[in-house]
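Please treat every number below as a calculation from the coordinates, not as lab data. All of these numbers come straight from a predicted model, not from anything done at the bench. Here Cβ is always computed from backbone atoms with ideal geometry, including for glycine, and neighbour counts include all displayed protein chains.
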Amino acid sequence: MIELAEHVAEVLDVGPGTRIFEVDCGDGAFLFPFHQNGYIVGGIDGEAGAIATAIAAMPEGVFQVGMASTLDPSVPWDVIVCRSFAGAADLDYMRGVLARMFAKATHAIAVLGVPDERRHWLLHALAEIGANAIQFEDVGVDQGLSDRSESKGFNAFARVGSY
């Protein structure tokens, strides 16, 4: 997770003090390296036990129990990250989550570990919500995809505003 967190920070050109929020954050393992390096972290997840673990590890963080579809765009964060697009079957649901992420972000969004078959769909969905400076990068198993060695996918980064 540390390498992936460092990579996201580098690609998005962010540093300590940046507010990073993760959708479907689980126990906060992805956010922990950011927390250790002076970022402000937060997240939402449907599992109360996972959120309790995140709060115990990062008491200064802003964590909440809830579904990704309840993400509140009226409370802005600099960067919004999601690593759960791989398992989502309902693309309309995910399009809604993506739109909420984009509305909540003030700097950029990152969608990590997306299966290759969703590449065209995600590019179209990002364009629909007004994302710009969209960057896709191919990744493999070691970068957050499933544990099957044949898995291939990509990470997507998109800027918010006029970057």
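Going by how many other beta carbons lie within 10 Å of each one, how would you line up Glu117, Glu22, Glu47, fewest first?
Glu117, Glu47, Glu22
Test of understanding: what is the full-extension gain from Arg119 to Glu10, defined as 0.36 nm times their sequence separation minus their Cα-Cα distance?
Length difference between fully extended and current span is 37.0 nm.
In debye, nearest 20: dipole of the chain around its Cα centre with unit charges on the Cβ of K, R (+) and D, E (-)?
For the chain, the charge dipole is close to 420 debye.
Would you grab the residues whose amide H sits under 5 Å from the one on Val81? Only those 5+ places off in sequence or on another chain, please, with H modelled 1.01 Å from N.
Phe21, Glu22, Val23, Ala110
Counting other beta carbons within 10 Å of each residue's own, what order do Asp72, Asp45, Asp78, Asp92 fall into, fewest first?
Asp92, Asp72, Asp78, Asp45
For the stretch 93-101, take each phi angle, set θ = phi - 60°, evaluate the Karplus expression 6.51 cos²θ - 1.76 cosθ + 1.60, and give the result in whole Hz per residue in order, putting x for glycine and proline.
Result, rounded to whole Hz: 4, 5, 4, x, 5, 4, 5, 5, 4.
Hey, in the GNM for the chain with a 10 angstrom Cα cutoff, which one of Ala125, Ala56, Ala99 fluctuates hardest?
Ala56
Which of rounded, prolate or oblate describes the stretch 16-80 when judged by the alpha-carbon gyration tensor and an a/c cut-off of 1.5?
Oblate shape, in that a/c is at least 1.5 and b/c is the bigger or equal ratio.
Looking at Ser84, Ala99, Phe30, which one has the Cα that reaches farthest to the positive end of the dipole of the stretch 2-159 (charges on Cβ: Lys, Arg +1; Asp, Glu -1)?
Ala99
Taking neighbour counts of Cβ atoms within 10 Å as a proxy for exposure, in what order, fewest first, do Tyr93, Tyr39 appear?
Ranked by crowding around the Cβ, least crowded first: Tyr93, Tyr39.
Karplus couplings for the stretch 17-32 from phi (6.51 cos²θ - 1.76 cosθ + 1.60, θ = phi - 60°), rounded to Hz, Gly and Pro as x?
Listing the rounded values in order: x, 5, 8, 10, 10, 10, 7, 6, 6, x, 7, x, 4, 5, 7, 4 Hz.
Quick one, which of (i) -0.95; (ii) -1.28; (iii) -1.12 is the actual log10 I(q)/I(0) by the Debye sum over Cα atoms at q = 0.19 Å⁻¹ calculated for this model?
(ii)
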